[in-house]
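The values are calculated or read from the model by the stated rules, or taken from the named source; none is laboratory data. Note that this is a predicted model, so its numbers are computed, not measured. For neighbour counting, all protein chains shown are included, and Cβ atoms are generated from backbone atoms with ideal geometry for every residue, glycine included. Ligands, DNA and RNA are stripped out before the accessible areas are found, and what is left, the full protein with its side chains, is counted by its heavy atoms. Shrake-Rupley method; radii C 1.70, N 1.55, O 1.52, S 1.80 Å.
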Amino acid sequence: MADIETKPPVTTGKEERPAPAKARAAEREHGGDTAGVSPDGEEGGVSEAAKRFQALKQSQALKKSRKEREAELMRRAVDVAPRVSAQALPEAQPQKAPSLPINRREFLTYAWGGALSLVLVQGGLATLWFAYPRFKAGEFGGVFTLTTVPERGAKPEENLQGKFWWTNAEEGGMVALYKVCTHLGCLYEWKDQTRRFECPCHGSKFNQSGRNIHGPATRDLDQFVVTVLDSAGNQVDQTTPDHRYVIAEAGLTYKIDTGRKLLGRPSDPNLAVEA
Ligand code: FES
């Protein structure tokens, strides 16, 4: 027995495995006298191995349970994380673009557009300024004021600045005849011998009232609009397309607007004369 107690227990893997069942079987086989005896008769080595086996089993069980707990905790954490993040985080709001001032490209575009518009506006205004007729009184294109009234049938008065003949028409009434022939634009003249207007270019002839009496012109002389004012400045008569001769009366004021021209009427064949 002294040898058995002093022998160190077997520490190899094969001897550590003997389960308590084997030891119990050995006990039963030897009538219980083998308690604390190894299968080889070494009592102290069996109990030590059984203890180590038990410790190993417990250690493994502890490790297993620890791993299982860790895995369980991880599973719970994974399950809980989405709910927590969904509750904790506010709902994502669409990002609103910050209202920044215009960028460099837009600034240059607006600047060029503004400059171009300014140039175009200035050009248009300048064109209108030069194209718009601006006539002063007493120059062709403007208004001429006359107070003289020639005798009916008398020689017409020539107005060089206004480029018109001021005549008291045979039909009765004052008329301002434009000095340009209605055929091709020559300047016709008054002929005392024949007492009519005659064009030196192609021979057209017009009576004292401006009616065409011989071709090649095919219409009467053009005339300017005449407005008649009384001594108080009130309008008493005015030339219209249907009213070609205005009242002839001394003491009245006649405004001849050389900027307003009435085209001559078509030639009247009843007035035609031989050359
Ligand atoms: S231009 Fe006067 S008749 Fe021809």
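Listed values, structure above:
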{"quantity": "Residues of region 176-193 classified as over 56 Å from the mean Cα position of the chain (by Cα), assigned to a strand (DSSP E or B) and in contact (Cβ under 8 Å) with a residue 24 or more places away in the chain, total", "calculated": "1"}
{"quantity": "In region 161-188, residue most open to solvent (accessible area, probe 1.4 Å) [restricted to those that are more than 16 Å from the ligand (Cβ to nearest atom) and polar (S, T, N, Q)]", "calculated": "GLN161"}
{"quantity": "Test: residue in region 239-250 that is more than 16 Å from the ligand (Cβ to nearest atom), touching a Leu at 6+ places or on another chain (Cβ under 9 Å) and over 17 Å from ALA169 (Cα atoms)", "calculated": "no"}
{"quantity": "Number of the condition not met by ILE256 [criteria: (1) open to solvent by 40 Å² or more (accessible area, probe 1.4 Å); (2) out of contact with any Lys or Arg (no Cβ under 9 Å at 6 or more places or on another chain); (3) away from the ligand (no atom under 16 Å from the Cβ)]", "calculated": "(1)"}
{"quantity": "Which numbered condition THR127 misses (of (1) away from the ligand (no atom under 16 Å from the Cβ); (2) surrounded by 12 or more Cβ atoms within 10 Å (Cβ to Cβ))", "calculated": "(2)"}
{"quantity": "ALA272 vs. criteria out of contact with any Ser or Thr (no Cβ under 9 Å at 6 or more places or on another chain), loosely packed, with under 14 Cβ neighbours inside 10 Å, of a type in the set (Gly, Ala, Ser) and under 20 Å from LEU184 (Cα atoms)", "calculated": "yes"}
{"quantity": "Long-range neighbours under 6 Å by Cβ, at least six apart or interchain, first residue assigned to a loop (DSSP other than H, G, I, E, B) within region 143-167, second among the aliphatic types (A, V, I, L, M) and open to solvent by 30 Å² or more (accessible area, probe 1.4 Å)", "calculated": "VAL149/ALA248; VAL149/ALA250"}
{"quantity": "Some residue of region 203-216 being on the phi > 0 side of the Ramachandran plot and touching a residue at least 40 places away in the same chain (Cβ under 8 Å)", "calculated": "yes"}
{"quantity": "When residues of region 240-253 are limited to those that are charged (D, E, K, R) and surrounded by fewer than 15 Cβ atoms within 10 Å (Cβ to Cβ), the one farthest from the chain's Cα centre (by Cα)", "calculated": "GLU249"}
{"quantity": "Residue in region 189-218 that is most open to solvent (accessible area, probe 1.4 Å), counting only those that are among the basic types (Lys, Arg) and more than 11 Å from the ligand (Cβ to nearest atom)", "calculated": "ARG195"}
{"quantity": "Subset tally (residues that are part of a loop (DSSP other than H, G, I, E, B) and surrounded by fewer than 22 Cβ atoms within 10 Å (Cβ to Cβ)) for region 219-239", "calculated": "6"}
